[in-house]
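Working notes for the structure below.
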Amino acid sequence: MKRLRLLRRAAFMFLVLAVGLAALASCNKGGKAGVTGSADIKALMVARGLTEDDVTAALKTYTPTGKKDEFYLFASGGHGGNMIVIGVPSMRILKYIAVFTPEPWQGYGFDQETRDIIDAGSPPGHPLGWGDMHHPAFSETNADYDGQFIFANDKANARLAVIDLRDFACKQIVQSGLIQNDHGGTFVTPNTEYVIETSQMAAPLGGTYAPLSEYNEKYRGAQIYWKFDRVKGRLIKEESWAIELPPYMQDLADAGKGASDGWSFCNSVNTERAIGDLQGGKPALESGASQNDMDFMHVINWRKAEQVVAAGKTKTIAGLRVISIETAVAEGILALVPEPKSPHGVDIAPNGTDIVVSGKLDTHATVYDFNKIKSLMESKTYAGTDPYGIPILPFRDAIRGQVELGLGPLHTQFDDKGFCYTSIFLESKVAKWSLADLTLLDKTSVHYNIGHLSAAEGDALHPKGQYLIAMNKWAIDRFNGVGPLLPQNFQLLDISGDKMKVLYDMPLPLGEPHYAQMISADKIKTIEMYSPVGMNPVTMQPDPNATTTEEKARIERKADGVHVYMTLVRSHLNPDIIEVKKGDRVHIHATSLEQALDATHGFCIDMYNVNLSIEPGKVCNVSFTADRAGVFPYYCTEFCSALHLEMAGYLLVKPD
Ligand code: CUK
Ligand code: CUA
């Protein structure tokens, strides 16, 4: 590993040199005879107003044509509902992965299979058109990213998505029916046994009604442990379960690793159980929820909870097995630890024992010691219980120490050298500090209002260091104006030296990313096409409606309508004429016969909202009712060949 890094460093230095030399060469071409390259670079720097720091940053990020990035960054797309894939250090956008929101380029939400994915996570009869993606999480093996899957939550509709990293496509969306929105998710256990989802706003479990006057008695939070079947690549609700939590506002969570494997940790705010009611003359939620000096971290022994579930000590709500608070207390699997003022992030350090919590209204990061928490629970050393009978551990005995970082610390990431990086929201800064001595080492400004940050594999067992992305909420003055709705600003920081250095600004104009995870590029093994021809991209199995050779292309009239078995290959669609009667149900089964890299075809029918993306070897199925008579051209939407414009045909809908 070290060797590889050295080699990479050497390659990088060579690249820096090569870029420098190339720059010199090109400068010299136009320059006067005898003028040195460095003089020309100086002139360029003056002309563009660049400092030496700028040029160094450029050399560290510039990625010439054909060269690839060292890392992938997978960022949540916030209320854009999609995931954004970015190459690091170039900060080039590689893909938007459609997840909770239909996306026409990928045909996502337009063919039957992907429409079914979105609908499967929608409440019955209420198809959802968007989601609010917050926290992506890679699948893990032994607490390190394995590059097979990535999960993400939809805070608005309490949904989880499964994305397969073979083809960068969403394969499943689930909704539990237990909770009404989620925030503490997704987090995976060290071998992806479970994907964890936690509610934010308390509500009666199972989606039933109770007035707010019964908030303390009837409203509840919950943490759901979704069982992941890695072979099938699916979350299995029947094998999943949840643990009921008090009506505090559960916030971020993290799964233990190493020494703390088998445990999970979840922050909360609003232990005051405020409900707002401004019209009723009560304080707003923001102030009602900020009265207590301490809120609570929930500590859950999920390995033991699993046994409680197996022993049948659960109640079933919305088809999910739920451990009640009483059972959790009786079984000793749930405890609370006080946390200073309105905590937000909870992050388990690579050593598995340090738990870093930052309070939005506190200036410190607090480092809890898992071993202390565990022995306090084992010896039943409590400072009291909360109104629901949950034991509260003594704060001072549970922590290893605190480090003063600044105003509004939020989230923490780790590197490969024992350093921590915490986002400081109110100061718009990143703080670097030593985990061993709890000392602040460096602070650098970012622009502006940083939320999450993401270091290379920075929440895994073996972080990679080197790069960090500051995910800034506000861009303010960084870019050319685009009207009142500004992009977010991702800033790339070099964290390989003693001092952090901002290298690059990247505007992100699609939703509001919250968290992102960065993975070594060599861990991602994508397929180049669907093979053999006729694959269903959702099941990754041969599609029963595939048309694997052009000879089999045909139109069949069946009891349920007209079935068109279509093939696409450069540069024609077969059949290229489809004749139906007004009112016919039409089913198109389109197969790409291509097996060439990047030879994607699209398929659309004008005026019928039919739009597919048919990558090499893929099958798409779409059904619609031909309810308007007329002549409707159809065509391939991807410029696939010189005769792409001729890749077209007619749908003729005869009037009755
Ligand atoms: S939350 Cu957005 S800044 Cu949803 Cu992870 Cu902290
Ligand atoms: Cu196929 Cu254009």
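The values are calculated or read from the model by the stated rules, or taken from the named source; none is laboratory data. Since this is a predicted model, take the numbers as computed values, not measurements. Virtual Cβ from ideal backbone geometry, glycine too; neighbours counted across all protein chains shown. Ligands, DNA and RNA are excluded from the accessible area calculation, which covers all protein heavy atoms including side chains. Shrake-Rupley method; radii C 1.70, N 1.55, O 1.52, S 1.80 Å.
Structure summary
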quantity	calculated
Pairs where the first residue, in the range 308-319, is in the same structural domain as Thr208 (by TED's automatic domain parsing) and under 20 Å from Ala203 (Cβ atoms) and the second is modelled with pLDDT under 95 and open to solvent by 50 Å² or more (accessible area, probe 1.4 Å), C-beta under 9 Å, 6+ apart	none
Residue count, the range 215-240 (criterion: charged (D, E, K, R) and open to solvent by less than 10 Å² (accessible area, probe 1.4 Å))	0
Candidate set from the range 617-656 (those that are of a type in the set (Ser, Thr, Tyr) and either more than 16 Å from ligand 2 (Cβ to nearest atom) or part of a strand (DSSP E or B) (or both)); member that is surrounded by the fewest Cβ atoms within 10 Å (Cβ to Cβ)	Thr625
Options Ala470, Ala475; residue that is closer than 30 Å to Gly352 by Cβ, surrounded by 17 or more Cβ atoms within 10 Å (Cβ to Cβ) and not β-branched (Val, Ile, Thr)	Ala470
Flag for Ile243 being free of Cβ contacts under 8 Å to residues at least 60 places away in the same chain, open to solvent by less than 40 Å² (accessible area, probe 1.4 Å) and assigned by TED's automatic domain parsing to the domain that holds Tyr388	no
Criterion violated by Lys552 - all others in (1) open to solvent by less than 40 Å² (accessible area, probe 1.4 Å); (2) of a type in the set (Lys, Arg); (3) not assigned by TED's automatic domain parsing to the domain that holds Asp251 satisfied	(1)
Unmet requirement for Asn609, which otherwise passes all of (1) within 16 Å of ligand 2 (Cβ to nearest atom); (2) within 17 Å of Trp105 (Cβ to Cβ)	(1)
Verdict on Cys604 being part of a strand (DSSP E or B), touching a Cys at 6+ places or on another chain (Cβ under 9 Å) and within 15 Å of ligand 2 (Cβ to nearest atom)	yes
Flag for His411 being away from ligand 2 (no atom under 16 Å from the Cβ), open to solvent by 10 Å² or more (accessible area, probe 1.4 Å), within 23 Å of Tyr248 (Cβ to Cβ) and touching a strand residue (DSSP E or B) at 6+ places or on another chain (Cβ under 8 Å)	no
Test: Asp416 is at negative phi, touching a residue at least 40 places away in the same chain (Cβ under 8 Å) and open to solvent by 30 Å² or more (accessible area, probe 1.4 Å)	yes
Residues within the range 37-66 that are over 21 Å from Ile495 (Cβ atoms), assigned to a loop (DSSP other than H, G, I, E, B) and out of contact with any helix residue (DSSP H, G or I) (no Cβ under 8 Å at 6 or more places or on another chain), tallied	3
Test for Val88: is it aliphatic (A, V, I, L, M), open to solvent by less than 30 Å² (accessible area, probe 1.4 Å), in the same structural domain as Arg166 (by TED's automatic domain parsing) and touching a Phe, Trp or Tyr at 6+ places or on another chain (Cβ under 7 Å)	yes
Filter result for Leu568 (within 36 Å of the chain's Cα centre (by Cα) and either within 16 Å of ligand 2 (Cβ to nearest atom) or outside any strand (DSSP E or B) (or both))	yes
Residue match in the range 563-581 (condition: more than 16 Å from ligand 1 (Cβ to nearest atom), touching a residue at least 12 places away in the same chain (Cβ under 8 Å) and on the phi > 0 side of the Ramachandran plot)	no
Selected residue (criterion: most open to solvent (accessible area, probe 1.4 Å)) from residues of the range 202-214 that are of a type outside the set (S, T, N, Q) and closer than 20 Å to Ala158 by Cα	Tyr209
